[in-house]
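The values are calculated or read from the model by the stated rules, or taken from the named source; none is laboratory data. The shown structure was predicted, so the numbers you read here are calculated from the model rather than taken from an experiment. Quick reminder, even Gly has a Cβ in these numbers, built from the backbone with ideal geometry, and neighbours come from all protein chains shown.
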Amino acid sequence: MLDVSDLACRRGERLLFSGLSFQVPAETLLHVRGRNGSGKTTLLRALCGLLRADAGSIRWRGETIRDLAEDYNRDLLYFGHLNGIKADLTGLENLRIASTLDQDPADADAIFAALSRIGLEGFEDLPTRMLSQGQKKRVALARLILSKAPLWILDEPFTALDVDAVDLLQQLIAEQVARGGSVILTTHQEVPLTSGAIQRLTLGEASDPVSSESTESETRH
Amino acid sequence: MLDVSDLACRRGERLLFSGLSFQVPAETLLHVRGRNGSGKTTLLRALCGLLRADAGSIRWRGETIRDLAEDYNRDLLYFGHLNGIKADLTGLENLRIASTLDQDPADADAIFAALSRIGLEGFEDLPTRMLSQGQKKRVALARLILSKAPLWILDEPFTALDVDAVDLLQQLIAEQVARGGSVILTTHQEVPLTSGAIQRLTLGEASDPVSSESTESETRH
Amino acid sequence: MMEFFSQGGYAGYVWGAFGMTFGLLLIEVLQLRSSRKTTLTRIGRLLRLRAPRQASTGADPQRGTSGPTS
Amino acid sequence: MTINWFKFASPAAFYPIAGRLIPWFSRVALALVLIGLFWGFFLTADQLGGSNPQKEYYRIIYVHVPAAWMSMWLYLVLAGWSAIGLVFNTRLSFMMAKAVAPTGAIFTFLALWTGALWGRPSWGTYWDWDPRLTSELLLFFLYIGYIALHSAIDDTRRADRAAALLAIVGLVMVPVIFLSINCPDPNQCAALHQRSDPGSIHLSILIPMLTMTLGLWSYSFAAVFARLRTIILTRESDNAWVRDVIAQETTA
Amino acid sequence: MLKVFYCVLSRDITLALRRRTDVLTTLFFFIIVVSLFPLGVGSEREQLRMLGPGVVWVAALLASMLALERLFAADYDDGTLEQLLLTGQPLALLVLGKVVAHWLLTGLPLVLIAPLVAMQYHLSGTAIWVMMAALALGTPVLSLIGAIGAALTLGLRGGGILLSLLILPLYVPVLVYGAGAVSVSAIEIADTQPYFYLLSAFLMGSALLAPLAAAAALRISLE
Amino acid sequence: MLKVFYCVLSRDITLALRRRTDVLTTLFFFIIVVSLFPLGVGSEREQLRMLGPGVVWVAALLASMLALERLFAADYDDGTLEQLLLTGQPLALLVLGKVVAHWLLTGLPLVLIAPLVAMQYHLSGTAIWVMMAALALGTPVLSLIGAIGAALTLGLRGGGILLSLLILPLYVPVLVYGAGAVSVSAIEIADTQPYFYLLSAFLMGSALLAPLAAAAALRISLE
Ligand code: HEM
Ligand SMILES: Nc1ncnc2c1ncn2[C@@H]1O[C@H](COP(=O)(O)OP(=O)(O)OP(=O)(O)O)[C@@H](O)[C@H]1O
Ligand SMILES: Nc1ncnc2c1ncn2[C@@H]1O[C@H](COP(=O)(O)OP(=O)(O)OP(=O)(O)O)[C@@H](O)[C@H]1O
Ligand SMILES: [Mg+2]
Ligand SMILES: [Mg+2]
C-alpha cells in the first residue's frame, strides 16, 4: 500500500502541486487526471523514486521509498513515455532480460505466451526496431503479463494502441487489481474497470501554475 | 487533389500493401485505419514522398510527386510520430522558423494568436524542452493554425492530447476540410466531422502480410 | 627439396605472402559455400513454415528473416 | 540483332546465368593460378631480383602485384555498379556492388600484407609512409567504410543507396588522395615504391605474373557471382521463382 | 533563396548559442588533444617544433569530426529534419546553411585559437600565420566533406565512430596540404603558394559538390 | 548477484554483436587515427619511433572515449536505463557489468591490434610487448573512469564532446604512465616496473570506486 503525504514538486521554477496527500491501498486503481502539463508525469516519476520531490513523503508499506531503495523497486513496475525496450533485440530477448533483472526469470514458454497474448505472435524473433509504433508499445506491455509486482505505475499506456490492444490492456489492469495489486495510471481516456476500487486524482490547471492542485478524490465501486 | 494508383510498399521483406488505389479530392478527410503494424505510417510517409514506394504512382493535381518535388512539398503539411520542434527553442521561435521555411512567414501576432488558441498562452517564451509531452505536441499542432497548405497528412495527431486539445484539433480539421483542403490522418479514435466527406481506408491485417489490403472505402456525408 | 622450401633463406617472407594469399582465398571460398548452404536451408525452412500455416490459419508471420549482413 | 540488356538486369534472370558461369570461372582460375605458380617457382630462378639475382623473396611479386591491381580494379567496379544503381534504380546493380566489396577488401589486404612481407627483406622495414603504400592503406579504409556502412543499416534499400553514395564519393576522392600523398613537390617526398612500368620487369617474370593476374581476376568473377547468388536469394525470398529454386537445389 | 539560407543559418546559430558550452567544448577538445601530445611524447623543443603542424591539424580534424556528428543528428531525433525535407526549399541550400553555421561555430574558433596552441609547440611567427591561413581554408572543407558522412550515418547506432571511419580517410588531402604548408613555411615562405592554391581548389570543389551529395544522402537516410 | 552481472554483460555483448561492425569500427578508428599522424608530421623513421608510444596511447584514449559516449546513451534514449534503475538490483553492479562488456568490446581489441600499428612506427620487439601489457592494464581504467563522465553527460546535447572535456584530463595519468612505460622500455626493460605497479594501482582503485561514482551520476542524470 502506497501512502503519500503532503507531496510537492516543482519543475523549473513552477510549483506543480503541493500538499498532495493520498493513499493507494491494494485492489485499487488510481487514475491521475489533468490537463496537458498539469504534472501527471512528474508525479508518477516522483512516486517511482526517479525524481526527488521537493517536500512530503512517499511510503510503501510503512517505510519511505528512499529507505527501501532497491526493495521498493522490486515491488514496482514502471512504464513511462518511453518504451524501455532495446530496438536491436527481439521481443523475446527484451522480455527475458527484463524478467531476469527483475529477479524473476521467465522461461521461454511464458514469454512466448505473453507475446502471443499481446498480439505479437510471429513477431517474437524480429528486432523490435522493425516493428511499428504500436507493436513496440505492445512488446513493452507484455512485461505486464509476466510481472508479479504488486504496484504498477503506468504513464499513458494507451497511446498508439489499436482498439484490440486497448481492450487487452484494460483487462490486464483489471486482473492486477482483482488479484490484490495496485495500479496508478494516467490517461486521457476513460478506464472502465470491472472489479476493485477506482480513485481519481485531478491535478490543477496548468495555465494557472500558482493555484495549488484540487484533489477531487472520489471512490467508486 | 491526390490521386494514388496501384501503390505497393514493403518494409524489410514484408509486403505491407499492394495495388492500393484511391483518390483524395478537395473537401475530403481520409481516415486511414488498421491494426498496429498494418502499414499506416508507411503509407503516409510514402504519400509525403519521404519513402519511395515499391510500385505505383502518386499524383498531385495530375503530376507525380517525384516530378513536382519541392512544389509538392509546399502544398503539404506533414505531421509524424515525432513532433518536429526543437526542444531548445521557444514555441514562438519554432513556429517562426517553420513558417519562414514554408515561405509564408507569419508575424509575431499571428503566432501568438495561434499559440494561445492551442492553449499555450503563457508558455510562448519557454524552451519547449520545459513543456510536458502534451504541451510539446500542442506547439507542433499550432502549425496547423498557421498553415495554408491544401493537403494535411497527420499521423496519429491525437495521442498525448487532453480532451480540450482533442476537441480543438477536430475543429481545426473540420475547418481545413470546410475551406476546401484535404486531410489524411491515422488515429485509433473516431473523428466526428461536421462538414465535408469522410473516406475510410482500412489497411489489411498485419499478421497476414500476404493478403493484399481490403480497401473498404466508404463515403459518408 | 629443402632448398625449395627455404627459398634462399627468405622462407618466412615468401611463404607468409603466398600462405596468406591462398589461405584467405580459401577461407573466402569456404565462407561462400557455407553461407550459401545456410541461406538455402533458412529460406527453405521459411517457405515450408509459410506454406502449411497459410493453408490452415491464413496467418503468415514472416519471422526471423533478417538477412546475413556481409 | 539487339539484345535486351534489361532482361539480364533482373535478379531472377541473372541468378541462373551466374550459376552457370561460376564453374567455368573457377576452373579457369585454378588452371591459370597453377600455371602461374609453377612457372614462377620453377622456371624463373635465374631472373629473380632483376639486377641482383637469387633474391627469392622477389617471388612475392607473383601475388603482390596481381593483388594490388585487383584491389584497384574491383573498387572501380564497385563504384561503377553503385553509380548505375543510383541512377537507374536497378536492384541487381546494388547487389553486384555489395557482392564485390568483400573480395575487393581481401585483395587490398593481401596487397598490403604481401607488400609488407616484401618490404622487410627489400627495404628493411615492413611499413613506410611511401605514397603508394599509403594510398593502398586508404583504399582499404574505403572498402571497410563501405562494408561497415552497409551492415550498419538494417533497411536493405537504405543500406544499398547510402553505401553506393559513399562509394562514389570515395571514387571522386581517390585521385585527390593519391595526388596529395604524392606531394605537390616530389622532391619533398622520397618514394620507396618505384614508379614501376611493367616493361622494366623481365619478361620471364612478367608472364607468370600476368598469368596469376588473369587467374585471380577469374577467381574474382567466381567469388563475386557466388556471393551475388546468396544475396539474390535472401533478398528475393518472397518471390515465386525462389521457391522453385530452393526446391530444386535442396533436393539436388 | 537567400532568406531561406539565412533562416537556417540563424536558427542553427541560435540553437548553438542557447547551449553556449557546446561551442566552447569543441574548442577545448582541440586544446586538450593538442596538449596531450607533449605528455605522451616528451617535451623536447626541437622535436615538438617538427611535430607541431601535424598535431594541430590532426587535432583539428578530430575536433571538426566530433562536432559533425551532431550536425544533422539533433534535427533527426526530434523530427525537424523530416520537416526540413518537406519545406519546399532546395535541400542542398538548407544543408549549406547548416554547414556554414557549423563552421562558424566550430571551425572559426579553431582558426582563432591556433596561435595559442602553436606556441606550445614553439612554432615561429611566420609558421603561425601560415597555419592560421591554412586552417581558415582547410576547416570549411572538413565541415563540407564531413556533412556527407554525417548525413549517411544518420540515426545509426555507433554513428559517431562509424562517421569517423568513413570520413577520416577523405580528410587526408586537407591534412597533407594543410600540415605541409606549415612545415614548408619553416624553410621558405614562398614555397607555400602551391599548397594554398590546392587548398583553395579543394574548398571550391567541395563547396559545390558536398551540399548536393549531403542532400542526396539525407534523402536516402530518411527513407 | 553474479547472475545479474552476467545478464547485463551478456545483454550488452549481444547488442554489440548484433551490430558486428560496431566492434570493428572502434578498432578501425584507432588504426586510422594512428595512421593519420605520419601523414601530418612526415615519415622520418627515427622521429616516428620516438612518437610511436605517445601516438598509440593518445589514439587509444580517443577511441575508448568515443565509444564510451554510447555506453549509457543508447539505454537512456530508449528508456531501458530508467528500467535498469528500477530493477531492484544494486546499480553499481549493473554499471560494472556494462563497463566490463564495453572493455571487452573496445579495449581488448585495441590491445590485440597494438603490435600491428606499432610496426607502422618502427617500434622494437620489446617495446611492442611492453606496449601491449601497458594497454592491457590501462584501457580498463579508461573505460572505468570514462563511465563516470558518460553518466554525467547523459542526455546533454553535444554530449560527446562535453564528455571528452570532462574525462580527457582524468585520463592524463594513464597516458603519462602508459606511454612512459613504452618509452622507458627502449632504454632498459627493468625500468618499466614502477610504471606497471602504478598502472595496476590505478586499475584496482578505479575498479572499486568508478562503478559507485558512475551509479550516483546516473541517478542524478535521470532526475
Ligand atoms: C597501389 C598499390 C600497389 C601497386 C599497384 C603495387 C605494384 C607493385 C609493382 C608493380 C611492383 C614491382 C616493382 C618492380 O620491381 O618493378 C611492386 C613492388 C613492391 N611493392 Fe608494391 N604495389 C602496391 C602496393 C604496395 C604496398 C601497400 C606495399 C607494402 C606494404 C608494397 C610493397 C612493395 C615492395 C616492397 C616491392 C618491391 C620493391 C623493390 O624491391 O623493388 N606495394 N609493387
Ligand atoms: N524500419 C523498418 N524495417 C522493417 N520493417 C519495418 C520497419 N518499420 C516498420 N516495419 C514493419 O512495417 C509494418 C508497418 O509499420 P507501420 O509503422 O507502417 O505500421 P502502422 O500501421 O503505422 O502501425 P501503428 O498503428 O502501430 O503505428 C510493421 O509490421 C513493421 O513490422
Ligand atoms: N524538464 C523540465 N524542466 C522544467 N519544467 C518542466 C520539465 N518537464 C516538464 N516541465 C513542466 O512541468 C509541468 C508538468 O509536466 P508533466 O510532464 O508532469 O505534465 P503532464 O501532466 O504529464 O502532461 P501531459 O499530459 O502533457 O503528459 C509542465 O507544465 C512543464 O512545463
Ligand atoms: Mg505526461
Ligand atoms: Mg504508425
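Meeting the requirement of 2 or more residues that are under 16 Å from the mean Cα position of the chain (by Cα) and away from chain A (no Cβ under 14 Å), the helices (runs of 4 or more DSSP H) wholly within the range F:12-118 are F:20-41, F:45-68, F:91-102.
Scanning the range B:151-175 for residues being farther than 27 Å from A:Gly39 by Cβ and either under 12 Å from the mean Cα position of the chain (by Cα) or within 16 Å of ligand 1 (Cβ to nearest atom) (or both) gives a total of 6. Within the range D:211-232, at least one residue is more than 14 Å from chain F (Cβ to nearest Cβ), within 12 Å of ligand 1 (Cβ to nearest atom), in a helix (DSSP H, G or I) and modelled with pLDDT of 90 or more.
Residue count for the range B:156-193 satisfying the condition of being in contact with a Lys or Arg (Cβ under 7 Å, 6 or more places away or on another chain) and either more than 18 Å from B:Ala114 (Cβ to Cβ) or within 16 Å of ligand 2 (Cβ to nearest atom) (or both): 3. Residue check: A:Leu47 meets all listed conditions (1) within 16 Å of ligand 3 (Cβ to nearest atom); (2) within 8 Å of another protein chain (Cβ to nearest Cβ) but one, namely (2). Against the numbered list (1) within 11 Å of chain F (Cβ to nearest Cβ); (2) among the hydroxyl-bearing types (Ser, Thr, Tyr); (3) farther than 29 Å from F:Leu123 by Cβ, D:Tyr75 comes up short only at (1).
Taking the criterion of being at pLDDT below 90 and under 12 Å from B:Ser18 (Cα atoms), the residues of the range B:40-55 that qualify are B:Ala53, B:Asp54, B:Ala55. In the range B:24-31, the condition of being away from ligand 4 (no atom under 16 Å from the Cβ) and under 20 Å from D:Arg158 (Cβ atoms) is met by no residue. Residues in the range A:95-109 that are outside any loop (DSSP other than H, G, I, E, B) and either touching a Lys or Arg at 6+ places or on another chain (Cβ under 6 Å) or without any contact (Cβ under 8 Å) to a residue 24 or more places away in the chain (or both): A:Arg96, A:Ile97, A:Ala98, A:Thr100, A:Leu101, A:Ala108, A:Asp109.
For the range B:15-32, the criterion of being within 12 Å of chain A (Cβ to nearest Cβ) and closer than 30 Å to A:Glu121 by Cα is met by at least one residue. Take the residues of the range D:134-164 that are touching a residue at least 24 places away in the same chain (Cβ under 8 Å) and within 10 Å of chain F (Cβ to nearest Cβ): which is nearest to E:Leu166 (Cα to Cα)? The qualifying residue nearest to E:Leu166 (Cα to Cα) is D:Gly145. Scanning the range B:131-142 finds no residues that are farther than 30 Å from A:Leu44 by Cα and either part of a helix (DSSP H, G or I) or more than 10 Å from chain A (Cβ to nearest Cβ) (or both). Assessment of the range B:110-121 against the conditions (at the interface with chain A (Cβ under 10 Å from one of its Cβ atoms), more than 16 Å from ligand 4 (Cβ to nearest atom), out of contact with any helix residue (DSSP H, G or I) (no Cβ under 8 Å at 6 or more places or on another chain) and assigned to a loop (DSSP other than H, G, I, E, B)) yields no matching residue.
Being within 11 Å of chain F (Cβ to nearest Cβ) and β-branched (Val, Ile, Thr) is not true of D:Ile106. The residues of the range E:141-163 that are part of a helix (DSSP H, G or I) and at the interface with chain D (Cβ under 10 Å from one of its Cβ atoms), listed by number, are E:Ile145, E:Ile148, E:Gly149, E:Ala151, E:Leu152, E:Gly159, E:Ile161, E:Leu162, E:Leu163. A:Cys48 satisfies every condition listed in (1) in contact with a Lys or Arg (Cβ under 8 Å, 6 or more places away or on another chain); (2) in contact (Cβ under 8 Å) with a residue 40 or more places away in the chain except (1).
When B:Arg59 is tested against (1) within 16 Å of ligand 2 (Cβ to nearest atom); (2) at pLDDT 90 or above; (3) among the charged types (D, E, K, R), just one condition goes unmet, and that condition is (1).
Conditions (1) part of a helix (DSSP H, G or I); (2) assigned by TED's automatic domain parsing to the domain that holds D:Ser220; (3) under 30 Å from F:Gly125 (Cβ atoms); (4) among the acidic types (Asp, Glu), marked per residue:
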| position | (1), (2), (3), (4) |
| --- | --- |
| D:Phe25 | yes, yes, no, no |
| D:Ile35 | yes, yes, no, no |
| D:Ala67 | yes, no, yes, no |
| D:Met70 | yes, no, no, no |
| D:Ile84 | yes, no, no, no |
| D:Thr108 | yes, no, yes, no |
| D:Leu112 | yes, no, yes, no |
| D:Leu133 | yes, no, yes, no |
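When the range B:143-189 is limited to residues that are within 16 Å of ligand 4 (Cβ to nearest atom) and touching a Leu at 6+ places or on another chain (Cβ under 7 Å), the one that is farthest from B:Thr42 (Cα to Cα) turns out to be B:Leu161.
Residues in the range B:145-180 that are without any contact (Cβ under 8 Å) to a residue 60 or more places away in the chain, charged (D, E, K, R) and within 16 Å of ligand 5 (Cβ to nearest atom): none. For the range B:26-49, taking the residues that are within 13 Å of ligand 5 (Cβ to nearest atom) and in a loop (DSSP other than H, G, I, E, B), the one that is nearest to B:Leu7 (Cα to Cα) is identified as B:Gly39.
Only residues that are of a type outside the set (Ser, Thr, Tyr) and more than 14 Å from every other protein chain (Cβ to nearest Cβ): list them for the range B:1-14, please. Within the range B:1-14, B:Met1, B:Leu2, B:Asp3, B:Val4, B:Asp6, B:Leu7 meet the criteria.
For the range B:50-65, residues that are more than 16 Å from ligand 5 (Cβ to nearest atom), within 21 Å of B:Gln103 (Cβ to Cβ) and within 14 Å of chain E (Cβ to nearest Cβ) total 2. Residues that are within 16 Å of ligand 3 (Cβ to nearest atom) and buried (at least 23 other Cβ atoms within 10 Å of the Cβ) do occur in the range A:141-153, at least one of them. For the criterion of being in contact (Cβ under 8 Å) with a residue 40 or more places away in the chain, in contact with an Asp or Glu (Cβ under 7 Å, 6 or more places away or on another chain) and away from ligand 4 (no atom under 16 Å from the Cβ), D:Ala111 passes.
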